[in-house]
Amino acid sequence: MRLRAVWLTAVLLTGFVGLGARSAMAELIAYYPFEEGQGTETADATGNGNDGTLNTGVQWVAGYKGGAVRFDTAGERIVIGPLDPTAENNAMTLAAWINWEGQGHSISQQGIIGKRLGWSATGDTIKWFWQTNPTGDLLFRADYDGGGTSFGWGNQLLVPYANEWVHVAVTWDAGAGVQYINGEQVSTGNTTLRASANATPVTIGCVDSTNTETFVGTIDEVRIYNVALTVGQLQQAMLGDFTTSTAPVPPDTSTDVPQDVILSWSPGEFAATHDVYFGTSFADVAAAERSNPLGVLASQSQPGLDFDPPGLLNFGQTYYWRVDEVNAAPDSTIHKGGVWSFTVEPFVYPVRNIVATASSADEDTGPEKTIDGSGLNASDEHSIAASDMWLTQIGGEQPAWIQYEFPEVCKLHEMWVWNYNVQFELVLGFGLKEVTIEYSVDGDDWTVLGDFEFARATARANYAHNTTIDLDGVVARYVRLTARSNWSGVMPQFGLSEVRFYHKPVIAREPVPADGQTGLGLDVALDWRSGREAAVHEVYLGTDEQAVIEGAALIDTVTESRYNATALNLGTTYYWKVNEVNEAAVPGVWEGPVWSFSTVEYVTVEDFESYDDDIDGGTAIFQTWIDGWENNTGSTVGYLETPFAERTIVRGGRQSMPLHYDNTVSPFYSEAERSFATAQNWLGNGADRLVLHVRGNAPDFQETAEGAIIMSGIGSDIWDAADQFRFAYKNLNGNGSITVRVDSLVRSNEWAKAGVMIRETLEAGSKHAFVAVTPEPSHGVSFQRRPIAGTTSYNTDVANIEMPHWVRLTRTGNTFTAQQSADGVTWVDITVSPALEITMAGNVYIGLAVTSHDTAVSTAAEFSNLSTTGNVTGAWQTAEIGAAQPTGNSAEPMYVRIEDSTGGSATVASADQAITARATWQEWAIPYSDLAGVNLSRVQTMVIGVGSRTSPTAGGTGIVYVDDIGYGRPATE
């Protein structure tokens, strides 16, 4: 009986109950609001007793919310104690409000929160830490003992937020890390946690024992969880409240909100129903309650998380609203929410992006001065500076005129005028007086609006506009003002300070989804801001952009500014527009712009996210995907110990399926099988293929059918006086070269390396020359060498290089030349001065080298287009230089079998015979034409196999990872 069977039996005998989902508050194991304001102690507000001690220099200051702590000198820290958030779930969340002042500071590494007080080769004092640095990187490291793993180098995420409050968070779940700023995901990475470090205290601020690494700035509201929070939970953590309503939509104090807005919010953690208060009086909304509704209790005990105010809201009106969260019975506690507000869109808007021209302009007083806001303060009062105004030249064209061109045809409402307003204007009288206003749609045919008198300016610095011209809804793209006189009556110059045009928005605008948005579902709710005069809305939608432009794709006419587009095709770009129609107005139709969106390419069949470790609940991954323990093949789905699913090697989400295979014994193939409780329909919406994603585990050395080479490797580095790596080699006698393209390299570390090498011996300290590609573009390509055996290595780097990339190493006598190329055609020398001379024996080793830069984490590289020159002989051999190397997978084919509910089936083998050997995610697309004989509207069973079921032969062992199975089709333009 295998180990898992023994463990499962013990579970059943002891009545073990698997961990269920728990609330975010239950997972909050330490919380520091820093409200003490004095002393050397800070309390853990959770009551869990994880109190902290401030060392000398930590300052109490005002924070984001109440008090906070500030650090500015190396060594300043708060010591909490041996807190271990990862102990229970192998996961955690660190969150805080920070005000970072450390850009360019002399402290090189600036810790935020960490569990590390020193460096150790065994890792017993190092576990994890989260930090920044003077360049503004936000990075996370796990078990960083001089190797370890990390992510975030070079992202400079904090630079835009220097010297301001910002909420930062990092979640870590069994290797998968995500960083957030203000509740939005900003970076991801994989980190490996190996040591327990239970005795090491958690610290805030400085996170090392050498007193050299301290955060520079202020930290507040530190929260530590023993789970990886979701985005929604993180947003609640930002607000610090899990019982009341949060995250209002529209956001609090929003302006320019549509008249037909639908309000929504995030619920309190324990809320069963919601009371919505809504009105125009802040006092009433703030004071109202069920027993005294004050006329603003708009919805009581509603289950939903949105509220649609009746009718259209009033233009320019400010509304107040509140949502009280009501717990389920018998508690039924009401948690009163805060009061939010928003202001509805105005009836008219200023026209933006106007182009102004004029008959003439004096120096530095061009016509653009009248529409660029120069001279206006926040109260719309104009200055007396001549440089903020337009003024014609003496002797300029008469009559003087100024013309305005709008970005599109507008329905104009009115024009505000600030006349010429220099300090001596009451004497000069340059301001326009009698003015003829004309307008045009095309700039050729003009219509006279009329003759108007512009009021004289005040010649004061607080001049408010004192002329308003009613434009009476004229439709125009151009407006021209022609001066018939100025206020002097005799002076030959004419001027204006500022004009502002207001228009009624009559064209459909602000589309939802946003123009160009991708990855949408197959039912899309189209929404837009309607034109002011629209009685109905003509909706045009289709895949032919020209048909939409020409109005040949009308699909419906609606009375609300919403339309539900259903049953769309997968992987398709759609074009749409809305024409606003009101036959009683002039013009009767306002044609809208054309927008686009694209639908998701694939519908998910299985993403492996729903499985947990609850065997009693039947939700472990191997209870759905049946393996060799039940189907008598050589497979094992999941791991023998929790967590059963894979949580580090994932393509999307948090989990993938690990599938172990053993094809060394009968039946010489391995299968994982899932039967769907309800037959699945994989047809419709343009679907034409099944897709799954597979990642293997690289072998020691594998040549593929198409001539590529796959290698794994592990080791501290190829560096210093002795190397640790895998070397695949042949023999070279005399002069020669090796060229290869490095197609991929798994990022075990930013300094993992793969490339070409010429080496004198197979000893760890041998002389060698090596041209390597790294997975970090900023590190790029490195020309490394050890001219004297057993001595320190040297290097010359070429930064900003991405894979795939070509490298070449050439030996000519004792001279070694390194080159790199983006295309294999144009080569660039990696210059070493003087030329690199290494005295080696005539017979040397030439080949490929791979190292992970981490003694506990292997890497894998794929090479192609390999060629050599010179007297290169022998078959490929591999050597373990300086360290034992991983075995990896045997290269085996894979297959998928699909069976429908009536027994019809089809089996499709992967065309890639080395798919299990590739350590990067491979998209395996199976056209529906290969599944002939299966009713794809009634799919009952899916089998994923390694080996060959139809022609089984003895093979090897290994593990593959499967993730993101779906059906659909790739995107079309």
Note on the range 56-82: residues modelled with pLDDT under 90 and part of a loop (DSSP other than H, G, I, E, B) are THR56, GLY57, GLY63, TYR64, LYS65, GLY66, ASP72, THR73, ALA74, GLY75, GLU76, PRO82
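Being in a loop (DSSP other than H, G, I, E, B), acidic (Asp, Glu), touching a Ser or Thr at 6+ places or on another chain (Cβ under 9 Å) and touching a residue at least 12 places away in the same chain (Cβ under 8 Å) is true for just one of ASP515, ASP442, ASP451. Which residue is that? Spell out how you get there, then give the answer.
On the way: ASP442 fails: touching a Ser or Thr at 6+ places or on another chain (Cβ under 9 Å); ASP451 fails: in a loop (DSSP other than H, G, I, E, B).
Just a single option satisfies the conditions, and that option is ASP515.
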Checked against (1) on the phi > 0 side of the Ramachandran plot; (2) modelled with pLDDT of 95 or more, GLY888 satisfies every condition except (2)
*asked:* Going by what's in this entry, would VAL285 be described as surrounded by 15 or more Cβ atoms within 10 Å (Cβ to Cβ), touching an Asp or Glu at 6+ places or on another chain (Cβ under 7 Å) and of a type in the set (Val, Ile, Thr)?
replied: no
A careful count of residues in the range 776-791 that are β-branched (Val, Ile, Thr) and farther than 14 Å from LEU809 by Cα gives 2
Quiz item: Does the range 247-255 include one or more residues that are of a type outside the set (Ser, Thr, Tyr), surrounded by 21 or more Cβ atoms within 10 Å (Cβ to Cβ) and outside any strand (DSSP E or B)?
Solution: no
When restricted to THR902, THR868, the only residue of a type in the set (Val, Ile, Thr), part of a strand (DSSP E or B) and at pLDDT 95 or above is THR868
Scanning the range 869-908 residue by residue, those buried (at least 20 other Cβ atoms within 10 Å of the Cβ), in contact with a helix residue (DSSP H, G or I) (Cβ under 7 Å, 6 or more places away or on another chain) and closer than 30 Å to LEU936 by Cα turn out to be GLU892, MET894, ILE898
Checking GLU27, GLU41, GLU35 in turn, the sole residue that is modelled with pLDDT of 75 or more, within 39 Å of the chain's Cα centre (by Cα), under 30 Å from GLN623 (Cβ atoms) and surrounded by 11 or more Cβ atoms within 10 Å (Cβ to Cβ) turns out to be GLU27
Listed by first then second residue, the pairs whose first member lies in the range 40-58 and is without any contact (Cβ under 8 Å) to a residue 12 or more places away in the chain and within 18 Å of PRO82 (Cβ to Cβ), whose partner is of a type outside the set (A, V, I, L, M, F, W, C) and assigned to a strand (DSSP E or B), with beta carbons under 9 Å and at least 6 positions apart or on separate chains, are ALA43/TYR32; ALA43/GLY52; GLY49/GLY81
Out of (1) outside any strand (DSSP E or B); (2) buried (at least 16 other Cβ atoms within 10 Å of the Cβ); (3) not acidic (Asp, Glu), the one GLY551 does not meet is (2)
*asked:* Condition check: at pLDDT below 85, touching a Phe, Trp or Tyr at 6+ places or on another chain (Cβ under 9 Å) and among the aliphatic types (A, V, I, L, M). Does ILE107 satisfy that?
replied: yes
Condition set of a type in the set (Gly, Ala, Ser) and more than 16 Å from VAL339 (Cα to Cα), scope the range 275-311, selection modelled with the lowest pLDDT: answer is GLY311
Counting only residues that are on the phi > 0 side of the Ramachandran plot and in contact with a helix residue (DSSP H, G or I) (Cβ under 9 Å, 6 or more places away or on another chain), the range 555-609 contains a total of 1
What about ALA911, is it surrounded by fewer than 17 Cβ atoms within 10 Å (Cβ to Cβ), of a type in the set (A, V, I, L, M, F, W, C) and within 35 Å of the chain's Cα centre (by Cα)? yes
> On the given criteria, is THR468 of a type in the set (Val, Ile, Thr), surrounded by fewer than 17 Cβ atoms within 10 Å (Cβ to Cβ) and part of a strand (DSSP E or B)?
Replying inline: yes
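Please tell me if SER675 is among the hydroxyl-bearing types (Ser, Thr, Tyr) and under 34 Å from the mean Cα position of the chain (by Cα).
no
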Here the qualifying pairs (Cβ atoms under 6 Å; residues six or more apart or on different chains; first in the range 833-850 and closer than 18 Å to GLU763 by Cβ; second hydroxyl-bearing (Ser, Thr, Tyr) and surrounded by 12 or more Cβ atoms within 10 Å (Cβ to Cβ)) come out as TYR845/TYR729; GLY847/TYR729
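The values are calculated or read from the model by the stated rules, or taken from the named source; none is laboratory data. If you're wondering where the values come from, they're calculated on a predicted model, not measured in any experiment. So basically every Cβ, Gly included, is an ideal-geometry build from the backbone, and we count neighbours across all protein chains shown.
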